[in-house]
Amino acid sequence: MTIFTSKLTAVSIVAMAIFSTHAIADDDLNHIDAVSKQFGLISMEEAKIKALAAKPGVIKDADLEKRKFGKGWDYEFEIIDADGKEWEVNIDAKTGKVSGVHRDWF
């Protein structure tokens with residue numbers, strides 16, 4: 001019985017870690033949606049389409065960042081291209097224009 005209990009405990013811990021991560025991600029997306037609506041910004045989905053058009057690949061991470069000195073907002077995407085290289089693509093959250101495509105060296 002103790003082996004079964006240990007395995008059950010391990011599986012429970014892993015399951016809690018997985019499901020709690022998704023809850024945090026959903027909270028982040030809800031916050032991003034609320035901020036974009038509040039400030040009249042394009043949606044995360046619109047920005048994602050523009051980012052992938054600028055640098056095709058798979059999105060590893062996405063965030064909405066406030067620029068320094070109150071100069072607006074950018075969607076920031078980390079994209080892995082077909083060669084496995086990581087890129088950072090910034091989309092102006094107000095206009096939808098690509099504001100930067102840079103290779104991430106680290």
In terms of Cα to Cα distance under 17 Å, which aspartates and glutamates are near enough to Lys37, apart from those fewer than 8 places away along the same chain? Asp26, Asp27, Asp28, Glu45, Glu46, Asp63, Glu65, Asp74, Asp92
In order over the range 46-53: 3J(HN,Hα) from phi, Karplus 6.51/-1.76/1.60, θ = phi - 60°, whole Hz, x for each Gly or Pro, gives 4, 5, 4, 4, 5, 5, 6, 5
Full-stretch length increase - Phe69, Lys85 - with 0.36 nm per residue and alpha-carbon distance subtracted: 2.6 nm
What chymotrypsin sites (Phe, Trp or Tyr not before Pro) does the range 34-78 have in DSSP loop regions with at most 15 other beta carbons within 10 Å? Phe39
If the reach is capped at under 22 angstrom between alpha carbons, list the lysines near Lys85, excluding any in the same chain fewer than eight residues apart. Lys48, Lys50, Lys55, Lys60
What residues qualify as long-range amide H neighbours of Ser99, i.e. H under 5 Å apart, gap of 5 or more or another chain, H built at 1.01 Å from N? Asn90, Ile91, Asp92
Here the FRET efficiency for Leu29 versus Val98, based on Cβ atoms and R0 = 25 Å and rounded to 0.05, is 0.70
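Only the coordinates and a few stated rules stand behind these numbers; no lab work does. All values derive from a computational prediction rather than experimental measurement. Glycine gets a Cβ as well: all are built from the backbone with ideal geometry, and neighbour counts include every protein chain shown.
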